[in-house]
Amino acid sequence: MTSLNRKNLFQKLVTVAGIAGVSSLIAVPALAELNRQTNGFNQSGDRVFELADNQADDETLPKSPNLPTNNTPGRSPDSSDTPTNNTPDSSDTPTNNTPGRSPNTPTNNTPGRSPNSPAGGETSPSSLSSKDRTFVMQAGQLSMMEVELGRLAVQRGSSAGVKQYGQEMVEEHTKANQELMQLVMQKQVELPAEMSTQNKALMDRLSGLSGTSFDAAYKQAMIDSHTQAIALFQAQSQQGQDPDLKAWATQKLPNLQAHLKMVNQMLADTSQPK
């Protein structure tokens, strides 16, 4: 090979080597950048697939019924049970907005009068005034004593008239007590269950007597008892406030007056000389 040929060959080799060197310098960074982008794409692609899988899993799971659908600004997501109507429920609220008046206050606004009080100062059918209650208690005591003394007269009386009178008192006043009991049951009042101390003392005194002594003491007791009963029943028939008790007292008054007349007649008969 001639020197000229060797020179040309050398130049070609140098040129090829230079081109290869430059290409390698260019190719290496380019390959590195391509590798980095490829890895990033792979990672991004993996992330996309991961998010897609998670979204698919979420769609297959049942949706919680308690998740609120109301996205109103300012409202907590957990406030699904909170009523959306913030206006106070007026269904049970009385419409009476009068200042100073309770919602449950009755509509009766009459000053000084209870809402349940009867109109016009009348007494309730199930209650009695103090005066009517006093009448019931005293009438019950008198009738009870008349019955007990009448039984004692039947047992210890010496004359037929005293025995007969005593039996009549038992029947008459037992009936009167039953009527009075039925009457006051509707008015939340109970008759006395036992005799007063004064009446018990009279009963004990007559129980220690017999014969004519008993007859005389019994007649006087009947006069005193019926005189007191007549005054009591007359006052009730005129001044009683309960119409039922007033009518009953008026009805029984003639019987009491007849009883007093009978005992006075017996007393007059025994006082006359035979």
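Some observations on this one:
- Residue-wise HN-Hα couplings along the range 133-139, as the Karplus relation 6.51 cos²θ - 1.76 cosθ + 1.60 with θ = phi - 60° gives them from phi, are 5, 4, 4, 4, 5, 5, 5 Hz; Gly and Pro carry x.
- The GluC sites (Glu not before Pro) of the range 179-246 meeting both criteria, a DSSP state outside H, G, I, E and B (loop) and at most 15 other C-beta atoms within 10 angstrom of the site's C-beta, are GLU190, GLU194.
- The charge dipole of the range 143-274, taken about its Cα centre with unit charges on the Cβ atoms of Lys, Arg (+1), Asp and Glu (-1) only, comes to about 300 debye.
- Look at the dipole of the range 223-274 built from charges on Cβ: of ILE230, LEU267, GLN257, the Cα furthest out on the positive end belongs to LEU267.
- Stokes-Einstein diffusion coefficient of the range 181-268, Kirkwood radius over Cα pairs, 20 °C, 1.002 mPa s, in µm²/s: 143 µm²/s
- The share of C-alpha pairs in the range 171-224 whose separation exceeds 14 Å stands at 67 percent.
- Label-point separation, MET137 to ALA217 (7 Å along Cα→Cβ), nm: 2.8 nm
- Ellipsoid fit via the Cα gyration tensor, the range 213-262: semi-axes of 26, 9, 7 Å, each the root of five times an eigenvalue, largest first.
Each reported figure results from applying straightforward, stated rules to the coordinates on display, with no laboratory input. What you see is a predicted model, and the numbers here were worked out from it, not measured in a lab. For neighbour counting, all protein chains shown are included, and Cβ atoms are generated from backbone atoms with ideal geometry for every residue, glycine included.
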